[in-house]
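Here's the structure, in structure tokens; my notes come after.
Throughout, read-outs are computed from the coordinates displayed, never taken from laboratory work. Bear in mind the structure is a predicted one, so any value in this text is a computation, not a measurement. Note that we place each Cβ from the backbone using ideal geometry, even for glycine, and neighbour counts take in every protein chain shown.
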Amino acid sequence: MSKSGSTVPADVPVQLLHGDVALSGRPVLREVDLTVNRGEFVALMGANGSGKSTLVRTLVGLNPLSAGRLELFGRTLSGFHDWSRVGYVPQRSTATGGVPASVWEVVASGRLTHRKLLRPLRSADRAAIRAALEVVGMGAYAHRGVAQLSGGQHQRVLIARALAGRPELLLLDEPTAGVDLPNQQALARALGRLKEDGATIVLVAHELGPLAPLVDRAVVMRDGRKAYDGAPLADADVHAQGFDAGHVHCDTGLNSAGSTAAPNAAVPTPLKEL
Amino acid sequence: MTLLELFSVPFMQRALIAAFLVGIAAPAVGTYIVQRRLALMGDGIGHVAVTGVAIGLWTQTSPTWTAVVVAVAGAVVIEVVRERGHAEGDVALAMLFYGGLAGGVFVTGLAGTGASRLQEFLFGSILTISVDDLLVTMALSVVLIVLCVGLSPQLFAVSQDPDYAKVAGLPVRFYSILVAVLAALSVVIAMRTVGLLLVSALMVVPVAIVQQLTRSFRMTLLGAMGAGLVASVGGLALAAALSRTGANVQPGPSIVLVALAGFFLVWPIGAWLRRRRALVTPFPETSPEEKPVDEAHPHLHGEKCGHVAVEHGDHVDYIHDGHRHAAHVGAEGEHYDEH
Ligand SMILES: Nc1ncnc2c1ncn2[C@@H]1O[C@H](COP(=O)(O)OP(=O)(O)O)[C@@H](O)[C@H]1O
Ligand SMILES: [Mg+2]
Ligand SMILES: [Zn+2]
Ligand SMILES: [Zn+2]
Ligand SMILES: [Zn+2]
């Protein structure tokens, strides 16, 4: 399991100490400590509004800390410039620009951290874009407009965009929400491969589903504070322990037997509650 | 004077070169403006630039350079107010626009140069493009086109998803202000041809024309530049041709009307494409219930059966009399499920 603090500082992808974050003047995150070690797969869980997205956005530098200290790969945020090592999949938004954009173009922007100004895409960039599209099963859609995709397809394009940059640290905000089971399984395979290659992954999920076997550690947020940090929890446990107050669930799948059960039988489909 | 003779006159040639370059450059910047959903930004900058021109006329310096300074300053203020996202931002911007226009007309009055001199800048003018103006226009147009095309990966990413661009380490703020400054420069180079009050149309309408047909950003950018070129040169030629008959048509209005005519010509094709795309937009990826279709099926759905095929997760549904039919091979043979 996680061995916080024992590694060389420069090796630690994420280290947040006593992080406070206020949004529009409202304190949202309070005294959050979070260390993610190299190669770890952390599931960030908790009820809606508990601060999961805010925490992930803080970790990638989108929300300023009002107190505390954040280091990425051993450098404080202001001194960290190596953004090609970080990949981010935002929580899904249907917002698109006012002009058409193709799937290829959106995924290609995931290569920007590797490109020099005023240079065309190199063949390595193209290969990475194609590979990322294949991984999420969108290879045949490269020249479609993103406005014509279903929600789940759009989500997979955003995942491909992050994968195209070949990040060492990947943060995904609810990548499986609204995605059907076969595609959740495809995502689990892709993240599994990334994990084997040594990537560090922080994943926000309301339900883990087919991703459960990958998880090394669970962090549960509650009301802007960290309520649990330790061994992986089954979806049912998160709810049962009251971390998830006010949320009604009918699924019982994937608890103790969890990680080895055949996905089809054990996995509750998050879609049922949408 | 025939139309051909007219085009051999030096002032007309200068006007043509300017219209050619401005027709390409303004929609290039306009594509990013529209992508950021700021279609009215060009209007705002145009209004503010009126004050810049008036200051140039009053101080008897080059109206082009005073317009550059004031328009760039106005564009940066607009971008900063927008970025802050204040609730009062909207009203603040509106006041900036009114102030720009009123200030310009007021200062022109002080200068005693008369409204007709200002009008050349408000709606464009074929006759008044000097060699110096043309050189400035050429230089700035080339800069604009090179930046808009060369930086398109960065500017696209920043306009499409600013949060993601920030995590990719791009200086989002710098690029946002750069787009605003480019917009200001395209307003200034376009003011002699389309004029300050109509310049925004040359930035926005060509984009609106081509995005009815395109699916990628790149094609939209290049297509808008082509459409802008046709509208700009076509509109100028129209104004010149009409002026032969004794009419006094400024190039600005005729360029904008040509562009709008292009939009309405393309509109039926766009509407047809949109309808077709909407029909085949995939259904949400839920696990469907398996309910066999009751009625007997006279044919197998396929590529040529004429029923619309819509992707649905890992398979295809066919729209048949308002139902979604999905082929299903069960124990009792192949049938269609209602999805
Ligand atoms: N821009 C914002 N301004 C003010 N409050 C916000 C903003 N965004 C989110 N919040 C609040 O922060 C809390 C945590 O939100 P969020 O991080 O999105 O939760 P989660 O992702 O766990 O559902 C919620 O109470 C939400 O209302
Ligand atoms: Mg969230
Ligand atoms: Zn059919
Ligand atoms: Zn179906
Ligand atoms: Zn039928």
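Below are the figures for this structure:
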{"read-out": "Kyte-Doolittle mean at least -0.5, axial Cα span of 15 Å or more - DSSP H helices of chain B", "value": "B:10-35, B:41-59, B:63-84, B:89-111, B:131-150, B:172-190, B:199-210, B:217-244, B:251-280"}
{"read-out": "Whole-angstrom gap from region B:9-63 to region B:155-173, using each part's C-alpha centre", "value": "27"}
{"read-out": "Potential lengthening between B:Glu334 and B:Phe264 on full extension [0.36 nm per residue; Cα-Cα distance subtracted]", "value": "20.4 nm"}
{"read-out": "Extended-chain gain in nm, criterion 0.36 nm per residue less alpha-carbon gap, B:Ser116 and B:Arg37", "value": "25.0 nm"}
{"read-out": "Estimated translational D of chain B in µm²/s (Stokes, Kirkwood radius over Cα pairs; 4 °C; 1.567 mPa s)", "value": "57"}
{"read-out": "Percentage relative contact order, chain B, counting C-alpha pairs under 8 Å, at least six apart", "value": "22"}
{"read-out": "Efficiency of FRET between B:Leu242 and B:Ala278 - r from beta-carbon atoms, R0 51 angstrom, step 0.05", "value": "0.80"}
{"read-out": "Rounded FRET efficiency, nearest 0.05, which uses the C-beta distance separating A:Arg119 from A:Ala67 and R0 of 56 Å", "value": "0.85"}
{"read-out": "Simple label model, 7 Å out from Cα along Cβ direction - B:Leu4 to A:Leu17, nm", "value": "8.3"}
{"read-out": "Sites B:Arg84 and A:Gln91, calculated FRET efficiency, Cβ-Cβ separation with R0 30 Å, nearest 0.05", "value": "0.80"}
{"read-out": "Per residue, the convex hull volume that the Cα atoms of the protein assembly as shown enclose (Å³)", "value": "189"}
{"read-out": "Spin-label pair A:Asp197/B:Met138, simplified geometry with 7 Å Cα→Cβ offset, distance in nm", "value": "5.0"}
{"read-out": "Computed over region A:14-256: relative contact order in percent, which uses C-alpha pairs under 8 Å that are six or more apart", "value": "28"}
{"read-out": "222 nm mean residue ellipticity, helices alone, for chain B (DSSP H n ≥ 4; -39,500 (n - 2.57); rounded to 500)", "value": "-22500 deg cm²/dmol"}
{"read-out": "Linear extension gain, B:Val230 paired with B:Leu127, 0.36 nm per residue minus alpha-carbon span", "value": "35.0 nm"}
